[in-house]
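One structure is given below, encoded as structure tokens.
Nothing in this text is a laboratory measurement; each read-out follows from the coordinates by a stated rule. Not measured: the values here are computed from a predicted model. No Cβ is skipped: glycine too gets one built from the backbone with ideal geometry, and neighbour counts run over all protein chains shown.
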């Protein structure tokens, strides 16, 4: 499978990690989470979880208010809490 916007596929024969990396940046803040094939039960399942998380994050970020051109601390905490859920 190929990478998609905000989702990058990591498949290395010599590395311990295989899975998807979610990375999204908005208004000076970046959020990154790795979705391991091993943890989620395969490539398609880890992709599905990563896409679900990305959709939820985008919903939070799209409705977020900015303070001095940056995301508010509350918004950053919401996204970080959501990523910990996965």
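Entry note, the range 1-62: relative contact order of 24 percent, from Cα contacts under 8 Å with a spacing of 6+ residues. Put in order of Cβ neighbour count within 10 Å, fewest first, the listed residues 84, 38 become 84, 38. Taking Cα atoms only, the orientation of helix 73-85 departs from the longest principal axis of the chain by about 20 degrees.
Fewest-first ordering of 49, 13 by other beta carbons within 10 Å of each residue's beta carbon gives 13, 49.
The angle separating the long axis of helix 43-62 from the principal Cα axis of greatest extent in the chain is about 10 degrees.
Counting only DSSP H runs of at least 4 residues, each contributing -39500 (n - 2.57), and dividing by the residue count of the chain, the helix-based mean residue ellipticity at 222 nm comes to -13500 deg cm²/dmol. Among 31, 40, 10, sorting on how many other beta-carbon atoms sit within 10 Å of each Cβ, with the fewest leading, yields 10, 40, 31.
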